[in-house]
Amino acid sequence: MTNAVFLLFDAFKALPMNLSWLDDFLALSATGNFSRAADERHMTQPAFGRRVKALEEWMGTDLFDRSSQPVRLTEAGLWFQQIAQDLLDQVARIPGEACAVAEANANVLKLAATHALSFSFVPGWLRQYESLTTQCTVQLGSDVLQRCEALLEQSKVQFCLCHAHAQVPGRLDLLGFASVQVGTDVLMPVSAPDANGKAIHPLQGEAGPVAWLSYSAESGLGRILRETRDLSQAKMATHTVFSAHLASVLRTLVLDGRGLAWLPQSLIKEDLAAGRMVPAAAALWSLELEIRLYRAQGVLGKAAESLWAEVSAGHVGSIAAAGEAPGPLSP
């Protein structure tokens, strides 16, 4: 291991290293197969192999043991694996951190919010802080949870607003981002009604498995639902007829009578009030949610720090770092 450190030190004096080689290295580390890794990196296998070899020459030591299939990391390769990922993470943060430094005294608020909250919650929530927001420029980005989290991690936004659950810590909780609860919501199973106002697709009906409109793996709401409710088909008698990562897409399908879906009450309150949707199961199948505001690490800038101070001083949830969660709920 010591020899590898000295070899790496000597390599810094050699030819410049291409950062994309780190992505090549991690792709091969994950697959152990040159052909599959080359496909993932969208290049031919010979070109990919030359890039991996160029990295090893720059390092001054072999990173992969090619004598076995799949190929394995050498001791130096194992040592370098986390370093390579850390380097790429640091590079990804540089543009956002540079902008944060440039905007330290600027009156700009940059927020990322999940699609459902952008439609239903954000406008009314921002109105509470009009005395502050009217004095600055507010830039709101709406995306899926994973992308919103990435924007905050890379310091491309100052805040991330999303649904959360105390028993299902998200990526931002695990990474130690501070947050404050700014609202509540309910994730509830709903269906279009029949002529008598009853759910067309009740959760525990007698007409066979219920048509389920589910969240895809990219969905933050879907992750919370999976980890807090036992939704196995055997116990629920369901069959998935459609999957999407946006609650707004599932809402449209529910209104069309296509099946049952768990939707945030904030998104469908008008549908419920107008009778266009009805609960599809007993209240115990609903799930109480938090709406949390996460802040970027470091100095945010004048306007953003003012908003954070005002929000964290007056709302229901205490500021928290990494969350700790007990086991999942059972209905």
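The values are calculated or read from the model by the stated rules, or taken from the named source; none is laboratory data. Here the structure is a predicted model, which is why all the values come from computation and not from measurement. With ideal geometry, Cβ positions are generated from the backbone for all residues, glycine too; neighbour counts draw on all protein chains shown. The protein model used for the area step is the full one, side chains on, heavy atoms only, and it has no ligands, DNA or RNA in it. Shrake-Rupley method; radii C 1.70, N 1.55, O 1.52, S 1.80 Å.
A cut-off of 5 Å between modelled amide H atoms, ignoring neighbours fewer than 5 places along the same chain, links Leu289 with Asp185, Val186, Leu187.
Remark on Cys162: its backbone amide H falls under 5 Å from those of Arg292, Tyr294, a criterion applied only to residues 5 or more positions apart or on other chains, H modelled at 1.01 Å from N.
For the stretch 39-56, backbone phi angles converted through the Karplus equation (6.51, -1.76, 1.60; θ = phi - 60°) give residue-by-residue couplings of 4, 4, 8, 6, 8, 6, 4, x, 5, 5, x, 5, 5, 5, 5, 5, 5, 5 Hz, Gly and Pro being listed as x.
Within the straight-line cut-off of under 15 Å between alpha carbons, the aspartates and glutamates reachable from Lys110 are Glu97, Asp143, Glu149, Glu153, Glu305, sequence neighbours fewer than 8 places apart in one chain being disregarded. In units of the rule-of-thumb radius 2.2 N^0.38 Å, the stretch 136-205 shows an alpha carbon radius of gyration of 1.60. Close amide-amide hydrogen proximity is noted between Met277 and Leu272, each under 5 Å apart and 5 or more residues distant or on a separate chain (H modeled in the peptide plane; Pro and chain starts excluded). Each peptide among 281-292, 253-264 gets the average number of other Cβ atoms lying within 10 Å of its residues, and from highest to lowest they stand as 253-264, 281-292. Here's the list of aspartates and glutamates a cross-link from Lys53 could span, going by alpha-carbon distance under 13 Å and ignoring same-chain residues fewer than 8 apart: Asp24, Asp62, Asp65. Surface composition of the stretch 146-209: carbon plus sulfur atoms contribute 49% of the solvent-accessible area (1.4 Å probe, protein chains only, all chains present).
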